[in-house]
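Enquirer: One structure coming up, written as structure tokens, with questions to follow.
The values are calculated or read from the model by the stated rules, or taken from the named source; none is laboratory data. Quantities reported herein were computed from a predicted structural model and do not represent experimental measurements. Cβ placement follows ideal geometry from the backbone for every residue including glycine, while neighbour counts extend to all protein chains displayed. Only protein heavy atoms, including side chains, enter the accessible area calculation; ligands, DNA and RNA are left aside. Shrake-Rupley method; radii C 1.70, N 1.55, O 1.52, S 1.80 Å.
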Amino acid sequence: MKLPIVAYGDPVLRKKATDFAPKEIAGLKQLVADMYETMYNARGVGLAAPQVGLSKRLFVIDATPFDDEEPELKDFKKAFINPQILEETGEEWPFNEGCLSIPDVREDVYRQPEVRMSYYDEDMKPHEETFKGMAARIIQHEYDHIEGKLFTDKLSPLRKRLLEKRLNDISKGVVKVDYKMKFPAAKKGR
């Protein structure tokens, strides 16, 4: 089922998400499937649970669109449940990022090229892995979501001021998207 994506300005995007408790695991596989369907419908490469209104430590990624630049990303599709970043290393590098919750805004963001983390997959099997390059970047972007952070937080104060009107417009629903969204400041009954 395609879920509506929460737009910039919704308080759920600013909350630090909580872990899934064992009693909450029952519907997890369906939620993961719904998040993949929602992400693919919006043509994204990652989606975090807060972006669909759920303040839980879960995100899904499919980095396959970047396999022409990094062949090891072919079929790189994973769900990360209750993830924890253990270490980020390397010299930060810029990349032009966007976000499904902030449509039509793209900015250069600096991130470290390597990340070591622990997480559970959708079968609740524990993993500890190191990811590099574009996989690490996508993971860091989605991880920020479950920490209540957005990529716009990493921009300079000047750049944030220049984007302020566009961000407020997105919050009000003054943006064209071809996927279902929930806008926190949209006027009701139009």
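Enquirer: Between residues in region 20-38 that are hydrophobic (A, V, I, L, M, F, W, C) and residues that are in a helix (DSSP H, G or I) and open to solvent by 20 Å² or more (accessible area, probe 1.4 Å), which pairs lie under 8 Å by C-beta distance while being six or more apart or on different chains?
Expert: Hits for this filter: 35/52.
Enquirer: Consider region 56-86. How many of its residues are open to solvent by 20 Å² or more (accessible area, probe 1.4 Å) and not in a strand (DSSP E or B)?
Expert: 12
Enquirer: Checking the conditions here, which among 160, 187 is assigned to a loop (DSSP other than H, G, I, E, B) and of a type in the set (Lys, Arg)?
Expert: The match here is 187.
Enquirer: Let me ask another. Scan region 99-136 for residues that are among the polar types (S, T, N, Q) and either under 30 Å from residue 178 (Cα atoms) or assigned to a loop (DSSP other than H, G, I, E, B) (or both) and report the count.
Expert: Looking only at that region, the number is 2.
Enquirer: For region 88-95, state whether one or more residues are surrounded by fewer than 16 Cβ atoms within 10 Å (Cβ to Cβ) and within 24 Å of residue 27 (Cβ to Cβ).
Expert: no
Enquirer: Under 15 Å from the mean Cα position of the chain (by Cα), more than 13 Å from residue 47 (Cα to Cα) and of a type outside the set (Ser, Thr, Tyr): does that describe residue 109?
Expert: The answer is yes for residue 109.
Enquirer: How about region 27-50: which of its residues are among the polar types (S, T, N, Q) and surrounded by 13 or more Cβ atoms within 10 Å (Cβ to Cβ)?
Expert: Once the filter is applied, which keeps residues that are among the polar types (S, T, N, Q) and surrounded by 13 or more Cβ atoms within 10 Å (Cβ to Cβ), region 27-50 yields 38, 41.
Enquirer: So which of 170, 139 is in contact (Cβ under 8 Å) with a residue 12 or more places away in the chain, more than 16 Å from the chain's Cα centre (by Cα) and assigned to a helix (DSSP H, G or I)?
Expert: 170
Enquirer: Also: Condition (residue is closer than 22 Å to residue 47 by Cβ and part of a loop (DSSP other than H, G, I, E, B)) applied to region 87-97: is it met by at least one residue?
Expert: No, there is no match, as no residue in region 87-97 is closer than 22 Å to residue 47 by Cβ and part of a loop (DSSP other than H, G, I, E, B).
Enquirer: Something else now. Looking only at residues that are open to solvent by 50 Å² or more (accessible area, probe 1.4 Å) and in a loop (DSSP other than H, G, I, E, B) in region 10-26, which one is farthest from residue 54 (Cα to Cα)?
Expert: The selected residue is 26.
Enquirer: Quick check on residue 148: is it within 16 Å of residue 51 (Cα to Cα), open to solvent by less than 70 Å² (accessible area, probe 1.4 Å) and of a type in the set (Gly, Ala, Ser)?
Expert: Judged against the criteria, residue 148 is a match.
Enquirer: Which condition breaks for residue 53 when tested against (1) on the phi < 0 side of the Ramachandran plot; (2) at pLDDT 95 or above; (3) open to solvent by 10 Å² or more (accessible area, probe 1.4 Å)?
Expert: (1)
Enquirer: Consider region 100-122. How many of its residues are of a type in the set (Asp, Glu) and open to solvent by less than 80 Å² (accessible area, probe 1.4 Å)?
Expert: Here the count works out to 4.
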